[in-house]
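Let me begin by presenting the structure, written as structure tokens, before commenting on it.
What follows draws every value from the coordinates through simple rules; no lab data is involved. Because the structure is a prediction, the values reported are computed rather than measured. All Cβ positions, glycine included, derive from the backbone under ideal geometry; neighbour counts span all protein chains shown.
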Amino acid sequence: MSGHTFANGSPDGPPEPLGIAISDHCGGTELAWAILCAYVNKMLTGNGQYVDVSVSDKCISIAENVLVCATVGDIVRGRTGGYNFNCGPYGVFQAADGAYAIGCGSDEMWAKISNSLGRPELLKADGWSNNTERGRNHSTHMIPLMTDWGKDKKRDGIVEIMRDQNSIPCGACLTHKEVQKDAHYRMRQTISDIEQPKAGKVSVASPFAGKMTDTRPAIQGPAPLLGEHNETILAMLLSYTKDEIERLYDAGVLVQDLDPRQPE
């Protein structure tokens, strides 16, 4: 509905889904911002208001310049697979032991890359010298070049050459298992471990991507099990006695995933 599925996939293939529920997550984040904006407006004006967030609206808002291209140039951006055909090298390429992503957005970056590839002559060669040419010739020139260069090199070694030594935007295409163990993400509490009563230690992603100097929101523990707080709610909030709660369990009115009255 937002155009993202149409634009995703191989150039010679059908539209493909993005692989994750991006609209649900983006929509929820947008709703949080909208609520905060409405709250600030309430403090300033005294007026409350209804907040309406559509996940399709949010997905359209992050569609970069595709609407401008469709309007001004009457251009419908097609599917490009894992590459950007406006510049290059820009996309996902294979190494000997995995994949990496690289984003060359300028001729200055290309000068560093071509030297790192051992091909400085490409700086002035036809079809290679500027972003437009490299983007246009991505399939015929750039993909074969990067694929051949990286086929016998380690993924992390390529990242070190491009990113660490030459300041080129470049990173490993990590598996979720690698993300789970990544020391950088754990230091930032993007990934942390919690104890879940049934599953044991579980790695979870923090919903708080923003990091603040004084306030460090973090996941405190697992989500409640079914009926975990039955006794607390009924006794503290509704003044039920222990015997009354027991009778509700016996009658099947109350259930729990882990019933404290039964041995595991």
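Quick query: amide H of Lys153 versus all other amide H atoms, modeled in the peptide plane; which residues come in under 5 Å with a sequence gap of 5 or more or a different chain?
Ala96
I want to verify a result. In a Gaussian network model of the chain, Cα cutoff 10 Å, which of these has the top mean-square fluctuation: Gly82, Gly150, Gly221?
In the Gaussian network model the winner is Gly221.
Just tell me which aspartates and glutamates come within less than 15 Å, Cα to Cα, of Lys181; anything on the same chain fewer than 8 places away is out.
Asp193
Under a Cβ-Cβ cut-off of 10 Å, what is the net charge of the residues other than Gly127 that fall near it, where Lys and Arg count +1 and Asp and Glu count -1?
Charge balance in the 10 Å sphere: 0.
Could you work out the relative contact order of segment 1-148? I mean the mean sequence separation of Cα pairs under 8 Å and 6+ apart, divided by the number of residues, in percent.
Contact order relative to length: 21 percent.
In what sequence do Phe208, Phe85 fall when counting other Cβ within 10 Å, fewest first?
Listed from fewest to most nearby Cβ atoms, that is Phe208, Phe85.
Show the residues, 5+ positions off or on another chain, whose built amide H is closer than 5 Å to the amide H of Gln196.
Hits under the 5 Å cutoff: Lys201, Val202.
Assign one of three labels to segment 175-215, namely rounded, prolate or oblate, based on the Cα gyration tensor with a ≥ b ≥ c the square roots of its eigenvalues; rounded applies when a/c is under 1.5, prolate when it is not and a/b is larger than b/c, and oblate otherwise.
Oblate is the answer for segment 175-215, as a/c is 1.5 or above yet b/c matches or exceeds a/b.
Using alpha-carbon pairs under 8 Å, 6+ residues apart, how would you state the relative contact order of segment 175-215 in percent?
Contact order relative to length: 28 percent.
When you count, for each residue, the other Cβ atoms within 10 Å and take the mean per peptide, how do 5-15, 20-30 rank with the highest first?
20-30, 5-15
Using only Cα atoms, locate the centre of segment 98-168 and the centre of segment 206-245, then give the distance between them in Å, rounded to an integer.
51 Å
With contacts defined as alpha carbon pairs under 8 Å and 6 or more residues apart, what's the relative contact order of segment 154-264 in percent?
14 percent
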